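Student: Before anything else, here's the structure in question.
The values are calculated or read from the model by the stated rules, or taken from the named source; none is laboratory data. Bear in mind the structure is a predicted one, so any value in this text is a computation, not a measurement. Please note: Cβ atoms are built from the backbone with ideal geometry, for glycine as well, and neighbour counts cover all protein chains shown. Areas reflect the complete protein model, heavy atoms only, side chains present, ligands, DNA and RNA absent. Shrake-Rupley method; radii C 1.70, N 1.55, O 1.52, S 1.80 Å.
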Amino acid sequence: MTGADVLLLALGAVAVGSGVLVVTTKHLVRAGLYLVVCLGALAGDYLVLTAELVAWVQVLIYVGAVVVLLLFAVMLTRAPIGASDDLDRPGWPAALIGGGTGLGLAALLVDAYRWTAVDLPEAGTAERLGGEIFRSWVLPFEVLSVLLLAALVGAVVLSRPDIGRPDPARRGTEAAR
């Protein structure tokens, strides 16, 4: 076992541990911060696997944009900051479903590959990857950006109860006309 293997396993354990904390904590803000740790550990795994571009995309897009959007949505909708009883639900159904899914995927992978070595394709370059993204994947990126913008606008509208409701001061003046 090499040093890279040990580092990969350690970062994987951090990612799994913080992922479990994301779904088990009663604090919404802490769940967002645990998500940052989980996604950062995954970016570290990508670095160990020498996929630097994917690691930076992971950091910039997920850790940077999605988590900031999540925290802004929490702040804009005035969600509870402390422990919330709404987040305290029985965990055994989710654990049962998650464990069953994990065992099913593990059995599927073992059955599919039978512990054989898989030939890897030639390593790509950032130039080839960028060309493929901007040639074939421009539309999904733009749709995702519009979706994130709509979510942010929706959070602002939900956080402002005065938007879309008639002004009580103007109601009296309209009735006098």
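Student: Being touching a residue at least 24 places away in the same chain (Cβ under 8 Å) and assigned to a helix (DSSP H, G or I) is true for just one of Val57, Val37, Val29. Which residue is that?
Tutor: Details: Val57 fails: touching a residue at least 24 places away in the same chain (Cβ under 8 Å); Val37 fails: touching a residue at least 24 places away in the same chain (Cβ under 8 Å).
Going through Val57, Val37, Val29 in turn, the sole match is Val29.
Student: Kindly indicate which of Val23, Val36 is more than 30 Å from Leu120 (Cβ to Cβ) and at pLDDT 85 or above.
Tutor: Values: Val23 fails: at pLDDT 85 or above.
Exactly one residue qualifies, and that residue is Val36.
Student: While we're looking at this one, here's another question. For segment 118-134, enumerate the residues that are charged (D, E, K, R) and within 17 Å of Val57 (Cβ to Cβ).
Tutor: Within segment 118-134, the subset charged (D, E, K, R) is 119, 122, 127-128, 132.
Within segment 118-134, Glu127, Arg128, Glu132 meet the criteria.
Student: Please determine, by comparing only the residues of segment 44-86 that are of a type in the set (Gly, Ala, Ser) and surrounded by 17 or more Cβ atoms within 10 Å (Cβ to Cβ), which one is modelled with the lowest pLDDT. I'd like the intermediate steps shown before the answer.
Tutor: Filtering segment 44-86 down to residues of a type in the set (Gly, Ala, Ser) leaves 44, 51, 55, 64-65, 73, 79, 82-84.
Now restrict to residues that are surrounded by 17 or more Cβ atoms within 10 Å (Cβ to Cβ): 44, 51, 55, 73.
Numbers: Gly44: 94, Ala51: 84, Ala55: 89, Ala73: 70.
Out of the qualifying residues, it is Ala73.
Student: What is the one condition in (1) closer than 20 Å to Val23 by Cβ; (2) open to solvent by 80 Å² or more (accessible area, probe 1.4 Å) that Pro93 does not satisfy?
Tutor: Of the numbered conditions (1) closer than 20 Å to Val23 by Cβ; (2) open to solvent by 80 Å² or more (accessible area, probe 1.4 Å), the odd one out for Pro93 is (2).
Student: Within segment 87-177, which helices (runs of 4 or more DSSP H) (wholly inside it) include 2 or more residues that are at pLDDT below 70? I'd like the intermediate steps shown before the answer.
Tutor: Details: elements: 92-113, 126-136, 138-159, 168-176.
Ranges flagged: 168-176.
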